[in-house]
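Only one structure is covered here, and it is reproduced in the block below.
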Amino acid sequence: MKRSVMVIGGGISGIQAALDLAEKGIKVDLVEKLPSIGGRMAQLDKTFPTNDCSICILAPKMADCYSHPNVNVMTYSEVKDISGKAGDFKVDVLKKARFVDEEKCTGCGDCFKVCPVSLPNEFDMDMRERPAIYVPFLQSVPRAATIDRAGVAPCSNKCPAGLSAQGYVALIRAEKFKEAVNLIRKTVPLPSVCGRICHHPCEEGCNRTEVDDPVAIAGLKAFVGDYVRQQGEDVPTPIEEERKEKVAVVGAGPAGLAAAYRLALKGFKVKIIEATSKPGGMLWWGIPDYRLPKDVLTAEVDYLLAHGIDIEYGKTVGKDLTLEDLKKEYDAVFLAIGAHESLKLGVPGEDLEGVVHGVDFLHRAADKETVAIGKKVAVIGGGNAAMDAARTALRMGSDVTVIYRRTKDEMPAIGAEIKGAEEEGVKFEFLASPVKIQGKDGKITAIECIRMKLGEPDQSGRPRPVPVEGSEFTVDVDTIIPAVSQAPNLDALGSKDLAVTKWKTLEVNPGNLSTNIPGVFAGGDAVSGPASAVEAFAAGNKAARYIEKLLNGESIEPEPEEKDEHVITLDDVKARMEGEITKSERVLRQHIPDDKRRTSFEEVEKVFTKEEALKEAARCVSCGPCSQCEACAPACGPNAIDYNMKDQVVTLNPAAIVVATGFDVWDPTSASEYGYKKYPNVYTAMEYERMINAAGPTGGHIVRRSDGEHPKKLAFIQCVGSRNPQVGHPYCCAVCCMHATKEAMLAREHYEDINSTIFYKDMRACAKGFNEYVERAKSDYGVSYINSDATVQENAETHNPIVVFDVGGKQQSKEFDAVVLATTLVPRKDTVELAKKLGLKLTEFGFFESSDSILDFGRSGVPGIYLAGYCAGPADIPESVAQGSSAAAKAAEILANSGGG
Amino acid sequence: MPENTNTEKEKPRIGVFICHCGSNIGGFVDVKAVTEYASTLPDVAYATDNLYTCAEDGLNNIKESIKEHNLNRVVVSSCTPRTHAPLFQRTCEAAGVNKYMFTFVNIREHCSWVHMKQKEKATQKAKDLVRMGVARARFLEPQEETKVDVTPVALVVGGGVSGMTAALSLANMGFPVHLVEKEKALGGFVKNLHGLMMTTKSANETIKPLIDKVDAHKNITQHLSSHLASVEGFIGNYDVSIGGDGAEAKDVKVGTIIVATGAVPLVPEGLFGYKEHPNIITSTEFEELCNKKELPKLKSVAFIQCAGARGQKVSYCSRICCNVAIKSAISIAENRDNMLGVTEEEGGVVEEPVAEKKAEDEGLDRRRRRRGRGRREEGEAGEESAPSSGVDITVFNRDVMAYGVENELEFNKAREKRVKFIRYVPDNLPKVSVKDGKLEVEYFHETLKMERTMPVDMVILSTPLVAQPDAATLSQLLKVPLGQEGFFQEAHVKLRPVDFATDGVYVCGTCRGPADIAEAVYQAAAAASRAAIPLANGFVQAEALTSRVDETKCTGCGTCVEVCPYGALRKSEEGISEVIAAACKGCGCCGATCPEGAITMTHYTDLQLLAEAKAALEEV
């Protein structure tokens, strides 16, 4: 026999049921969907007919319930599945991760202050904002914070390095620039650089894409990197613990720099050995100045090096020293030599004078070497290197044609590059592939191409180009820059022992980037072949993580890479925002004038100004909604925050179940005759209730949305959406007459000059002390009651609502300063779903149905499941309390009769 | 748990723990300064500050400090006792300090949160509060909590629907129940009625299964034609004497008592011509006539709502009468069970009984009611005709109290059946007069703004339910209060609807105020749930913080017995007051009232409170 009962719903009815059972010695699991128990009653300011403060009388019960040794309160939890029968139910409860340890959190609120995310506060009827880490209200029980994290934002999810894009966008929006840079650096060591050159898959993922345009995430990253540096706030992080172990990093490209930086932060002695004379690898040698000014790169690399990283230029492993030497001198080696060898086209004539391979071309251009190119240049390829070569050649005064074998849609180069090239006057020859380079006197004269057509998709998913027979044509050129692909120069390493793949890249265990030689790791383009900088950063980070493990003497077994977090969709966001997302134009980055672009290497796209950045960051819809910026954990004194917390499914085994899920407030927007959301000074009763609460969004002041003034003439309209067959609620919600009367009284208590009028159909003041309460409202509080239906119009000039009503068969109207709508109360949105799980029947209006509504109210059709409170039909607070106790009695009867002891 | 060290006679050694509460207190109060100040106060052996006193390390700090500094009293200066006192008290006990040797000083809600803009003054105030807490702590004494055994038997007074439901629920939980009913049969008020709301079954048919279950239940002992002769004792231990008609009183011991004595309808003497014509009757009399099949021939009926209620004889609204009138009006309109007694020849017998309605009709009915306001589907027959029973029905009302789902749907249904609802205002009551032996209702039509006269065959006065005439006697017997209108007064109108302030006694049904059957039923089950708590536990935990009577000072004047809201004081055989610890809530009313100063409140002694007050007034 199971001596436990599950109560679903932690409002006053559920709390009462739980306490009644617990005090009888019965174990109770109280399952509440929200992060706090308290339900709707917690939102109320006062309660009729005594005008007791609602939370003041409720909070002690919440505390009693939570601290009762027989009650296990499971907040932020939902019933997932149920089986079994009365006396022996099996219930799976989903305990959602709140990412905060309920036991450790003291509810102090220090984390709220650092959270950059602002969300509508549901508890305050969206009338003010709350952070993504929050407690719903001051008296929440448990007083433990919850991170509102429904999943991972698609931008963050798409980043190959796993950078929390939403995180830094949120921090930028909150003007926490330094924090934004710190967050970026946790994954991407070169924010300004990455913001400029990244192919930003984050933006492709952005949920705004389907609404208008994605948030300019990369542009924001460039901005914040520059801004913080310019403000002089970019000071190196002090190293906490010095380590004696030494690590050699071969190659100062993105992978090498990332690894070196991570390891330096951990206190290791790191030395970078770079073959060229400059840091950055492809960032220096492959990306022209008009995309990435060298001073930006230098500044950011200098920042990294300032963490005690030693760098030696002009030393090539395999030539100046050997891998063996490194192995001897260092405790670990990371090979990040990149892929700097241009692949050949493999067509006749490639050795003619005038063929300059892309990487060499860019390298030489970067070295400010004069590269002799001709007047007519053909660039072969469709990637970023091809675009960079084309745009560089153009700036050197050549006429440039890009020859690419697929169409523009398949080009791997980033959109901005292609667009830039087009704007600057680069010509394109799509669906063409070189077959032969023609020459005269050893010099190029033309390139012969063949037309291609698109065939079946290949391994990359793109359509395979297929030559069209007999479609050969020639283009007259004097220079050809092949930029089809690159490969690492493994020979340079001079090692015979290193395992190599058939694609001539270094072979590693992809899980930990270790090579076949113990202590030697490799990553970046040297392993993957030519890829993006952000992928190289990711590799550097990963290598550093496993090198650290190795040097700590830990196992370097690859950890399982979990990425199972739900990716937020646009529908998720819309559901949370309850509607459409407002369109807002993407802030475009300023360009330098066109004529300058063709002739100079000045950076083409200007970085956002602070104002532009703030405007653009504000477009983010906070998908998460937690941005995963990780600002809260360091702010938490008791270390209660755990980002790795997982949802849990807990199986309960109750003998009986009490359902007390409460109600929702009907949204009157669709009933246009009341002008809600159309006229600013029309409020719902629940909004008014929060407004008049001292802890509410206006600190207890009744204010007009239009001008912040306090209204003097206040109208209350009853039965909005109830007793109304047109909107599907022909029933009376049973509490609003008294509710309005109370609200009108409170108005007068707050301001002596407020006069209230209540428009009603029948004044249903029909329980203990209620009629007397209404009489008191009339005599002591000057509340007027008018027996009439009413609708609302507006004086457009003053925003004063005008109430149109009917007395004695005559239509009349009266102007007020504000109107409060007594909106009907309806079952919770998820009632249907819960009913299905529990096998319960609903009435035609969606309330849970009692099997016998006369002599056995609250007994559902399913043995062992009992109902209490508003979910079983309209009820006020004492009725809900009594029903909670009543359901507890029924549950206790079942326990007694199942032979339990 | 280690045994609490006997701290009573030791010199006070107080530990003061001052919490920053993150920045909630620390941001506005100079906690270090307060801590330093606290260490200078008399008998303070140790003072420290914690970032979070309630966090694991804070609690450990308290425990370790108790040992290290040999503390025998603890003052925590942080947030609110409501949420945190039990935690700190448990911590003290774990380290061997009696939990009553703990004092809570609130410097958050009472200080930092309200003085955020006055940091210096907030710090000063925090010092004052800590000084007061320490002053009080010096005089604290350890207290013991005691348990009182409970007789696991319940008593239910009243054998109506509420009483039977409550008794049955307790019996089903396995507790023996004594059910006392003053009439000779169970069923209460309902058994005299003809029809009920929301069902086409008769009242007696409806409640028969309930009576059968009560009759059959082995745990229920019925005492019919009986009343409570005397009640002595307190929660868990009542000695009740049940008197019968002429029979010898039976004595029973019970642990808890449920009051479910119901209500009676007001007799509207002098209102609306009542008794001036045999066809001016109350709604209860209408039910009785229906039961006896003695309704006179009717062509028109007027209901007058609030006859005697809402400011006439009583101030309240009786909640159920509108819905009862709607139910009766529909029954008449449908001539349910041929209640009108019309014969085929008279062309009266009409609609098929509702109970046998086909499903599709029921659906149509529902849809129609959903449309509300008497709207009909196009082409539907009989649009403008009177109800098919041919009786004109009018309900004169002030507000139609058809609250909730079913009542409102029934209201709509009545309107569809051409029942007229005419509103009146209290300044202009309808007048019922008899002219030439015929009844007439004169009224003021509020919409048309004109006087009208309506000849009718019958006037049914919807009179409110009023308290039982013997409610006051029972109230005195059980030491539980009545409200202004004579109904029993629950402990808290919102959150304790079926409790009395006095532990061990509970209330449900119409004796606590008008309610319909469904409401009375869930109140009854609720009362059963509440009453079962002490029975299930077998004991009650007595408050440690109770009043204590100094027998040498008490003169036996009895003032304290009168003022105690919980019935926790009684006169002993020696004629002096004694405290029933199990019933005492430690509220202090008795102590404040005692003219001899013979009563002290444990844990709130004059010595302790005066020390605190003096400390508050001390110049620093």
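Condition check ((1) within 19 Å of A:Q486 (Cβ to Cβ); (2) surrounded by fewer than 21 Cβ atoms within 10 Å (Cβ to Cβ)) across all residues:
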| position | (1), (2) |
| --- | --- |
| A:P254 | yes, no |
| A:I273 | no, no |
| A:K278 | yes, yes |
| A:Y290 | no, no |
| A:G318 | yes, yes |
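Just the residues that are assigned to a helix (DSSP H, G or I) and among the basic types (K, R), please, taken from the range A:150-188. Steps first, answer last, please.
Within the range A:150-188, the first condition is being assigned to a helix (DSSP H, G or I), and the residues that meet it are A:154-158, A:165-173, A:177-185.
Result: A:K158, A:R173, A:K178, A:R185.
Please tell me if A:A685 is among the small types (G, A, S) and either within 14 Å of chain B (Cβ to nearest Cβ) or without any contact (Cβ under 8 Å) to a residue 24 or more places away in the chain (or both). Talk me through it step by step, then tell me what you get.
Details: among the small types (G, A, S): yes; either within 14 Å of chain B (Cβ to nearest Cβ) or without any contact (Cβ under 8 Å) to a residue 24 or more places away in the chain (or both): no.
No: the conditions fail for A:A685.
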*Looking at (1) over 27 Å from A:M396 (Cβ atoms); (2) in the same structural domain as A:G442 (by TED's automatic domain parsing); (3) not small (G, A, S), can you tell me which one A:F361 breaks?*
(1)
*Sort out for me the strands (runs of 3 or more DSSP E) sitting completely within the range A:308-397 that have 2 or more residues that are over 21 Å from A:P254 (Cβ atoms).*
A:376-380
_Residue satisfying all of: in the range A:336-390; under 48 Å from the mean Cα position of the chain (by Cα) and among the acidic types (D, E); surrounded by the most Cβ atoms within 10 Å (Cβ to Cβ) among these_ = A:D388
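Taking B:Y46, is it buried (at least 16 other Cβ atoms within 10 Å of the Cβ), in a strand (DSSP E or B) and away from chain A (no Cβ under 13 Å)? Quick ask: steps written out before the conclusion?
Working: buried (at least 16 other Cβ atoms within 10 Å of the Cβ): yes; in a strand (DSSP E or B): yes; away from chain A (no Cβ under 13 Å): yes.
Here the answer is yes, as B:Y46 does meet what is asked.
In this structure, is A:A892 touching a strand residue (DSSP E or B) at 6+ places or on another chain (Cβ under 7 Å), more than 19 Å from B:T510 (Cα to Cα), at pLDDT 95 or above and buried (at least 22 other Cβ atoms within 10 Å of the Cβ)? Break it down stepwise before answering.
Values: touching a strand residue (DSSP E or B) at 6+ places or on another chain (Cβ under 7 Å): no; more than 19 Å from B:T510 (Cα to Cα): yes; at pLDDT 95 or above: yes; buried (at least 22 other Cβ atoms within 10 Å of the Cβ): yes.
It is false that A:A892 is touching a strand residue (DSSP E or B) at 6+ places or on another chain (Cβ under 7 Å), more than 19 Å from B:T510 (Cα to Cα), at pLDDT 95 or above and buried (at least 22 other Cβ atoms within 10 Å of the Cβ).
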*A:K96: within 14 Å of another protein chain (Cβ to nearest Cβ), more than 14 Å from the chain's Cα centre (by Cα), surrounded by fewer than 24 Cβ atoms within 10 Å (Cβ to Cβ) and closer than 25 Å to A:D64 by Cα, yes or no?*
no
*Entirely in the range B:97-160, the strands (runs of 3 or more DSSP E) that have 3 or more residues that are touching a helix residue (DSSP H, G or I) at 6+ places or on another chain (Cβ under 9 Å)*: B:102-106, B:154-157
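Consider the range A:28-42. How many of its residues are part of a helix (DSSP H, G or I) and crowded, with 22+ Cβ neighbours inside 10 Å?
As a first pass, look at the range A:28-42 and keep what is part of a helix (DSSP H, G or I): A:40-42.
Pick out the ones that are also crowded, with 22+ Cβ neighbours inside 10 Å and you get A:41-42.
Final tally of qualifying residues: 2.
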*List every residue pair whose Cβ atoms lie under 6 Å apart, where the two residues are 6 or more positions apart in sequence or sit on different chains, the first residue falls within the range A:316-339 and is assigned by TED's automatic domain parsing to the domain that holds A:A538, and the second residue, located anywhere, is among the basic types (K, R) and surrounded by fewer than 24 Cβ atoms within 10 Å (Cβ to Cβ).*
A:Y330/A:K246; A:D331/A:K246
_Failed item, numbered, when B:L448 is tested on (1) within 12 Å of chain A (Cβ to nearest Cβ); (2) touching a residue at least 12 places away in the same chain (Cβ under 8 Å)_ = (2)
*Tally the residues that are more than 9 Å from chain B (Cβ to nearest Cβ), surrounded by 18 or more Cβ atoms within 10 Å (Cβ to Cβ) and hydrophobic (A, V, I, L, M, F, W, C), restricting the search to the range A:829-861.*
5
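When the residues of the range A:646-661 are filtered to those that are surrounded by 16 or more Cβ atoms within 10 Å (Cβ to Cβ) and among the aliphatic types (A, V, I, L, M), which remaining residue is nearest to A:E561 (Cα to Cα)?
Here is the first cut: in the range A:646-661, the residues surrounded by 16 or more Cβ atoms within 10 Å (Cβ to Cβ) are A:652, A:654-661.
Of the ones still in play, those that are also among the aliphatic types (A, V, I, L, M) are A:652, A:655-660.
Values: A:L652: 31, A:A655: 41, A:A656: 41, A:I657: 40, A:V658: 41, A:V659: 40, A:A660: 41 Å.
Across the range A:646-661, the extreme among qualifying residues is A:L652.
Does B:E596 qualify as being out of contact with any Asp or Glu (no Cβ under 7 Å at 6 or more places or on another chain), of a type outside the set (V, I, T), farther than 30 Å from A:G25 by Cβ and in contact (Cβ under 8 Å) with a residue 24 or more places away in the chain? Before you say what the answer is, go through the steps one by one.
Values: out of contact with any Asp or Glu (no Cβ under 7 Å at 6 or more places or on another chain): yes; of a type outside the set (V, I, T): yes; farther than 30 Å from A:G25 by Cβ: yes; in contact (Cβ under 8 Å) with a residue 24 or more places away in the chain: yes.
So B:E596 passes the test.
Return yes when B:T559 is closer than 19 Å to B:G158 by Cβ and of a type in the set (S, T, N, Q) and no when it is not. First the steps, then the outcome.
Details: closer than 19 Å to B:G158 by Cβ: no; of a type in the set (S, T, N, Q): yes.
No, not satisfied.
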*Being outside the structural domain of B:A307 (by TED's automatic domain parsing), polar (S, T, N, Q) and more than 30 Å from A:A887 (Cβ to Cβ), is that true of even one residue in the range B:499-516?*
no
*From the residues in the range B:422-445 that are charged (D, E, K, R) and in contact with a Ser or Thr (Cβ under 9 Å, 6 or more places away or on another chain), which one is farthest from the other protein chains (Cβ to nearest Cβ)?*
B:E440
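Among the candidates B:K213, B:K218, which residue alone is part of a loop (DSSP other than H, G, I, E, B), within 14 Å of chain A (Cβ to nearest Cβ), closer than 23 Å to B:V521 by Cα and of a type in the set (D, E, K, R)? Write out each step before concluding.
Details: B:K213 fails: part of a loop (DSSP other than H, G, I, E, B).
Unique residue meeting the criteria: B:K218.
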*With respect to A:A416, is the statement that it is closer than 17 Å to A:R291 by Cα, at pLDDT below 90 and touching a strand residue (DSSP E or B) at 6+ places or on another chain (Cβ under 8 Å) true?*
yes
*Yes/no for A:F48 being buried (at least 22 other Cβ atoms within 10 Å of the Cβ), within 14 Å of another protein chain (Cβ to nearest Cβ) and of a type in the set (F, W, Y)*: yes
*Tally time: how many residues in the range A:732-787 are in a helix (DSSP H, G or I) and either farther than 26 Å from A:Q811 by Cα or not hydroxyl-bearing (S, T, Y) (or both)?*
26
*asked:* Condition first: away from chain B (no Cβ under 14 Å), without any contact (Cβ under 8 Å) to a residue 60 or more places away in the chain, surrounded by 21 or more Cβ atoms within 10 Å (Cβ to Cβ) and within 49 Å of the chain's Cα centre (by Cα). Can you find one or more residues in the range A:778-798 that meet it?
replied: yes
*Taking A:D817 as meeting all but one of (1) within 30 Å of A:K678 (Cβ to Cβ); (2) within 14 Å of another protein chain (Cβ to nearest Cβ); (3) touching a strand residue (DSSP E or B) at 6+ places or on another chain (Cβ under 7 Å), write down the number of the exception.*
(2)
*Just checking, which of B:G591, B:G567 is crowded, with 19+ Cβ neighbours inside 10 Å and at positive phi?*
B:G567
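Does the range B:531-544 include one or more residues that are touching a Leu at 6+ places or on another chain (Cβ under 7 Å) and within 14 Å of another protein chain (Cβ to nearest Cβ)?
yes
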*Search the range B:221-238 for residues that are free of Cβ contacts under 8 Å to residues at least 40 places away in the same chain and pair each with any residue that is of a type in the set (G, A, S) when their beta-carbon atoms are under 6 Å apart and the residues are at least 6 apart or on different chains.*
B:A229/B:S241; B:A229/B:G243; B:A229/B:A249
*Which residues, taken from the range A:788-810, are modelled with pLDDT of 95 or more and assigned to a strand (DSSP E or B)?*
A:A790, A:T791, A:V792, A:Q793, A:E794, A:N795, A:N800, A:P801, A:I802, A:V803, A:V804, A:F805
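The values are calculated or read from the model by the stated rules, or taken from the named source; none is laboratory data. Predicted model only: the values in this text are computed from it and were never measured. Note: ideal-geometry Cβ built from the backbone for every residue, glycine included; neighbour counts use all protein chains shown.
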